[in-house]
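The values are calculated or read from the model by the stated rules, or taken from the named source; none is laboratory data. Keep in mind that what you see is a predicted model, and the values were worked out from it rather than measured. Cβ placement follows ideal geometry from the backbone for every residue including glycine, while neighbour counts extend to all protein chains displayed. Just the protein is used for accessible areas: all its heavy atoms, side chains included, with ligands, DNA and RNA removed. Shrake-Rupley method; radii C 1.70, N 1.55, O 1.52, S 1.80 Å.
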Amino acid sequence: MYTAIGYAAQSATTPLAPMTFNRRSPRPDDVAIEILYCGVCHSDIHQARNEWGIAVYPLMPGHEIVGKVTEVGANVSKHKVGDLVGVGCMVDSCRHCEACAADLEQYCLEGPTLTYATPDRIDGSNTMGGYSNSIVVSEHFVVRIPEKLNPAAAAPILCAGITTYSPLKHYGVKAGDKVGVLGMGGLGHMGIKFAKAMGAEVTLFTRSASKAEEARRQGADHVIVSTDAEQMKAAAGRFDFLLDTIPVQHDLNPYLETLRFDGVHILVGLIEPVDPALHAANLVMKRRVLAGSLIGGIAETQEVLDFCAEHDISCDIEMLDIKHINEAYSRMIAGDVKYRFVIDMATLKA
Ligand SMILES: [Zn+2]
Ligand SMILES: [Zn+2]
């Protein structure tokens with residue numbers, strides 16, 4: 001066993017604090033990783049505070065992990081000691097169901113093992129995430145970080161990146177398509193970059209006109225202020241796809257009206273129940289599709305990392321000393337981060 005250190009919440013109401021714990025010795029198909037960077041995702045806050053009602057304590061968040069391989073099990077062939085690798089939201093799945101067989105482990109019929117706060121499939125121990133100096137993960141769930149990428153800025157690609165890339169890819173966004181991105185946080189700003197790299201004409205929908213210049217800097221061609229009824233009306237029937245990254249409940253109806261016939265509105269946030277209610281006519285009368293999408297499979301996670309290397313895409317980040325993690329949570333809730341905090345794990349040693 002390894003002795004590891006990290007930051008964990010001991011209950012829904014206690015701030016994250018340092019903790020010493022054990023990581024398992026690598027099993028034959030495991031890779032042991034020294035964590036260098038870990039992105040901070042909004043899910044981490046929801047889970048640390050048990051806002052989804054599924055938290056298990058102690059809870060050590062972190063599922064945007066980049067590090068170096070320090071040890072490999074006897075059967076490992078994908079990675080070797082010294083490789084720069086990543087771990088995202090999942091560390092295991094059943095590996096035999098229809099979804100797993102189709103490289104869609106995120107939809108595993110038995111449920112994937114999440115990177116933190118989920119029982120390990122073999123020994124039942126509570127998984128501990130990446131706010132730590134190390135992690136041990138089965139090689140299938142470990143991806144390669146391309147050399148061209150800045151390793152710290154690559155970390156958020158493992159959740160924020162794949163979550164926005166996967167649906168754009170699945171629905172076949174291509175050159176000339178008109179794509180609207182709703183919201184410009186950690187996910188939205190990545191969505192703009194991906195849609196643009198796929199050749200789409202990209203529009204940011206935002207509540208604040210003040211974000212227009214920044215949206216263009218991120219690659220958006222146009223900006224629509226969603227609170228301006230005139231601008232929304234002028235956009236009616238224009239879009240092929242909407243990538244909806246708004247993390248809180250909002251009225252989908254005005255957005256659906258901006259889709260052309262056969263247009264697809266993709267939700268990536270868990271905003272249930274949809275409120276206010278959806279007008280069925282907004283779907284029926286134009287054969288529009290309201291779709292959902294969850295992260296991406298492991299093969300696709302490797303694909304998005306390679307896509308980022310090829311198209312020179314990375315996440316805009318602010319480096320974080322792990323001592324300031326609780327403060328960072330407050331700033332994220334206030335929307336005060338451009339666009340992702342990434343913990344520099346060297347600060348854990350200090
Ligand atoms: Zn996440
Ligand atoms: Zn499965």
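Taking strands (runs of 3 or more DSSP E) that do not extend beyond segment 145-264, which have at least 2 residues that are among the hydroxyl-bearing types (Ser, Thr, Tyr) and open to solvent by 10 Å² or more (accessible area, probe 1.4 Å)?
Where strands (runs of 3 or more DSSP E) fall fully within segment 145-264, none carries at least 2 residues being among the hydroxyl-bearing types (Ser, Thr, Tyr) and open to solvent by 10 Å² or more (accessible area, probe 1.4 Å).
Can you pull out the residues in segment 268-293 that are open to solvent by 30 Å² or more (accessible area, probe 1.4 Å) and part of a strand (DSSP E or B)?
Once the filter is applied, which keeps residues that are open to solvent by 30 Å² or more (accessible area, probe 1.4 Å) and part of a strand (DSSP E or B), segment 268-293 yields VAL289, LEU290, GLY292.
For segment 66-100, give me each residue that is open to solvent by 70 Å² or more (accessible area, probe 1.4 Å) and either within 11 Å of ligand 2 (Cβ to nearest atom) or touching a Leu at 6+ places or on another chain (Cβ under 8 Å) (or both).
LYS68, ARG95, HIS96, GLU98, listed by residue number.
Being over 24 Å from LYS338 (Cβ atoms) and of a type in the set (Val, Ile, Thr) is true for just one of VAL223, VAL248, VAL181, VAL137. Which residue is that?
VAL137
Considering segment 43-57 alone, what residues qualify as being away from ligand 1 (no atom under 14 Å from the Cβ) and either on the phi > 0 side of the Ramachandran plot or crowded, with 21+ Cβ neighbours inside 10 Å (or both)?
Answer for segment 43-57, where residues must be away from ligand 1 (no atom under 14 Å from the Cβ) and either on the phi > 0 side of the Ramachandran plot or crowded, with 21+ Cβ neighbours inside 10 Å (or both): ASN50, GLY53.
Name the residue that is surrounded by the fewest Cβ atoms within 10 Å (Cβ to Cβ), counting only residues in segment 294-350 that are among the charged types (D, E, K, R) and assigned to a helix (DSSP H, G or I).
LYS349
For segment 25-84, which residues satisfy the criterion of being among the aromatic types (Phe, Trp, Tyr) and in a loop (DSSP other than H, G, I, E, B)?
TRP52, TYR57
Touching a helix residue (DSSP H, G or I) at 6+ places or on another chain (Cβ under 8 Å) and under 30 Å from THR3 (Cβ atoms) - does that describe any residue in segment 158-169?
The answer is yes; a qualifying residue exists.
Conditions (1) assigned by TED's automatic domain parsing to the domain that holds THR20; (2) surrounded by fewer than 24 Cβ atoms within 10 Å (Cβ to Cβ); (3) part of a strand (DSSP E or B), marked per residue:
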| position | (1), (2), (3) |
| --- | --- |
| ASP103 | yes, yes, no |
| GLY111 | yes, yes, no |
| ARG121 | yes, yes, no |
| GLY124 | yes, yes, no |
| MET128 | yes, no, no |
| ILE135 | yes, no, yes |
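May I ask you to say which residue of GLU147, GLU214 is more than 18 Å from the chain's Cα centre (by Cα) and closer than 30 Å to ASP30 by Cβ?
After applying the criteria, what remains is GLU147.
Right, ARG238: touching a residue at least 40 places away in the same chain (Cβ under 8 Å) and either among the basic types (Lys, Arg) or farther than 26 Å from LYS174 by Cα (or both) or not?
Spelling it out, ARG238 is indeed touching a residue at least 40 places away in the same chain (Cβ under 8 Å) and either among the basic types (Lys, Arg) or farther than 26 Å from LYS174 by Cα (or both).
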